[in-house]
Amino acid sequence: MRKIIASTLISLDGVMQGPGCPHEDPVGGFVHGGWCAPLFDTDVGTFIGDIYARPFDLLLGRKTYDIFAAHWPYVGVDNEIGVLFNRVSKYVATRSEPELTWTNSRALGRDVVGNLRQLKKQNGPDLLVQGSSDLLQTLFAHGLVDELSLLVFPVILGDGKRLFGAGTTPAGLRLADSRISSNGVVMMTYLPDGQVETGSFSLEHPSEAELARRRGLMEFA
C-alpha cells in the first residue's frame, strides 16, 4: 500500500503560509512571505533531502500546484529537486477541471477522498504532500495522513494559514525522529498512534474549593 506523507514548514505559532518568497502566497494580506529562507541551513537541507530520497509521487492542492508548476519546470537541469519533481507523477486536488500543463500531472476528480483511498491501496511510491493547507485539512479530517514531517522555524508570524485548522480531528502521535538545525529549526517526524489518551494530576479526593470551582465552570458550559 502507498502511504500519504505530509512534509510541512511551519512557524512556531503554526503558520505555514508563504514560506518560500514574498510573492508566493500574499492572500489575506499576508506580508511575511519568505520567512523560512533566512533560517534554511545545511541541516534543514539534509532532513528534506532524506525525505526526497525515498520514492514518492507528489500530492498537491490546486494553489500549491500552481506555485510549483510556475517554478520547478524552469529551474534548469542542474537543480536536483527540480529534476526530481518534474519527473514524478503529480496528483492534484481541485474542485474544477483545469488544464494541468506540468508534465505527469493528473487531477484527482471530484471525489478526492475516495480516489485517494483507492490510490493508497495500489502498489507504487508514497504520496508526498508539500504545502497545500486546504488539502491537509481534508486529509487530517479523514485520517489519511500516515506520516507527518514538521520543520518548525523559530519565528512567530501571527496571522496566516495554519497547519491545524479549527476542524482538526484529535489524534495521538508517536515521535519517530527529531533533529535540531544549527539555526534552531526543530525537525520532527511523527506517526499516527491511536486516540488521544488523557490522565489526571488532581487529588484523589477533590477539596471543597475544587468542587466549588467545578460547579462554577458548569454555569458557563
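The values are calculated or read from the model by the stated rules, or taken from the named source; none is laboratory data. Here the structure is a predicted model, which means the values were calculated and not measured. For neighbour counting, all protein chains shown are included, and Cβ atoms are generated from backbone atoms with ideal geometry for every residue, glycine included. What goes into the accessible areas is simple: the full protein's heavy atoms, side chains included, and nothing from ligands, DNA or RNA. Shrake-Rupley method; radii C 1.70, N 1.55, O 1.52, S 1.80 Å.
The trypsin sites (Lys or Arg not before Pro) of the stretch 106-189 that meet both conditions, a loop assignment by DSSP and at most 12 other Cβ atoms within 10 Å of the site Cβ, are Arg110. For the stretch 24-29, the Karplus equation 6.51 cos²θ - 1.76 cosθ + 1.60, evaluated at θ = phi - 60°, returns couplings of 5, 7, x, 4, x, x Hz by residue, with Gly and Pro reported as x. Ligands, DNA and RNA are left out, and with a 1.4 angstrom probe the accessible area of the stretch 50-126 is 60 Å² per residue.
Over all orientations, the chain has a Cα convex hull whose mean projected area works out to 16.1 square nanometres.
A DSSP coil position with no more than 10 other Cβ atoms inside 10 Å describes the following chymotrypsin sites (Phe, Trp or Tyr not before Pro) in the stretch 124-201: Phe201. Using a/c under 1.5 as the rounded threshold, could you call the stretch 129-221 rounded, prolate or oblate? The axes a ≥ b ≥ c are square roots of the C-alpha gyration tensor eigenvalues, and prolate needs a/b larger than b/c, oblate otherwise. Taking the square roots of the gyration eigenvalues as a ≥ b ≥ c, the stretch 129-221 is prolate.
Legend: residues Ile156, Ile81, Ile48, sorted from most to least accessible area (1.4 Å probe; ligands, DNA and RNA excluded), read Ile156, Ile81, Ile48.
Net charge of the neighbourhood of Gln122, taken over other residues with C-beta under 13 Å away and scored Lys/Arg +1, Asp/Glu -1, is +3. May I ask for the distance between the Cα centers of the stretch 195-220 and the stretch 26-44, given as a whole number of Å? That distance is 42 Å. Hydrodynamic estimate: the Kirkwood radius of the stretch 91-155 over Cα pairs, inserted into Stokes-Einstein at 20 °C and 1.002 mPa s, corresponds to D of 159 µm²/s. Extent of the stretch 1-115 along its three principal axes (Cα atoms, max minus min coordinate, largest first): 37, 34, 29 Å. Taking the accessible area of the stretch 1-122, probe 1.4 Å, and keeping the other protein chains in place, the carbon and sulfur fraction comes to 54%. Under 5 Å between amide hydrogens, built in the peptide plane, is the criterion, and for Cys21 it picks out Gly34 among residues at least 5 positions away or on other chains.
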